[in-house]
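Take a look at the structure below.
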Amino acid sequence: MLCEMVVFLCVTFIDQILYFCCFCPHSHPWEMVTKAAMQKYPNPMNPSVFGVDVLDRNIDQQGRLHSKRLLSTEWGLPSIVKSLIGNVRTCTYIQESSIVDPKEKMFELQSSNITFTNMVSVDEKLTYKPHPEDPEKTILTQEAIISVKGVSLSSYLEGVMANTISTNAGKGREAMEWVIRRLNAEIEELAATARGTIRTPMAAAVTEK
């Protein structure tokens, strides 16, 4: 399994703002998990994300990869929530920025919604680092700050959003496993092709002899 267990999960309110945080070990090396995270969408576990556009990508002088993407998502909120926020349209856009530092082995991803910001703000941060005791594993720290404003029953809506993020976190781990299986299959296919390419001229040489 990609994620063996959630080491720590915390949901708390501070000044009417909900904070969500969880820690999870992944049973794959940091390099593989980082590759999977960058190729996570689209996947069958998270069909709500139906569009990914790369806005910018560059490498700085320290060799770190910086990326900016725009995600098109369907929140799929319950009907009662739609009536509370006064909008039946739940398609939203998320701005995502990430940094991959291969030297320090750190992958940090931050995202925030850029639609419905007058009603709800969801700021999320994911950090991937090698497990301090096992280099063959990776630790994911996921944090989110949720704030609902200008609508009734804001605490209820914040709870719904927190539950959605928690559910999506589980789906996200399943999606990572799916992507890693796909990547491993592609690697095996390339290796098999390379072996076949090498064998062909060798077989021809033997035949000529």
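The values are calculated or read from the model by the stated rules, or taken from the named source; none is laboratory data. As the structure is a computational prediction, the values presented were derived from the model and not from experiment. So basically every Cβ, Gly included, is an ideal-geometry build from the backbone, and we count neighbours across all protein chains shown. Only protein heavy atoms, including side chains, enter the accessible area calculation; ligands, DNA and RNA are left aside. Shrake-Rupley method; radii C 1.70, N 1.55, O 1.52, S 1.80 Å.
Tabulated data for the structure shown
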| read-out | value |
| --- | --- |
| Pro102 vs. criteria buried (at least 18 other Cβ atoms within 10 Å of the Cβ), over 30 Å from Cys91 (Cα atoms), more than 12 Å from the chain's Cα centre (by Cα) and at pLDDT 95 or above | no |
| Positions within region 28-40 being farther than 16 Å from Gly170 by Cβ and part of a loop (DSSP other than H, G, I, E, B), in sequence order | His28, Pro29, Gln39 |
| Test result for Leu70, of a type outside the set (D, E, K, R) and open to solvent by 60 Å² or more (accessible area, probe 1.4 Å) | no |
| Members of region 118-162 that are assigned to a loop (DSSP other than H, G, I, E, B), modelled with pLDDT under 85 and open to solvent by 40 Å² or more (accessible area, probe 1.4 Å) | Asn118, Lys149, Gly150, Ser152, Leu153 |
| Qualifying residue in region 46-53 (condition: more than 20 Å from Asn168 (Cα to Cα) and either modelled with pLDDT of 95 or more or among the hydroxyl-bearing types (Ser, Thr, Tyr) (or both)) | yes |
| Positions within region 34-74 being of a type in the set (Asp, Glu) and closer than 17 Å to Asp101 by Cβ, in sequence order | Asp60 |
| Some residue of region 82-89 being under 19 Å from Ala162 (Cα atoms), at pLDDT below 95 and loosely packed, with under 14 Cβ neighbours inside 10 Å | yes |
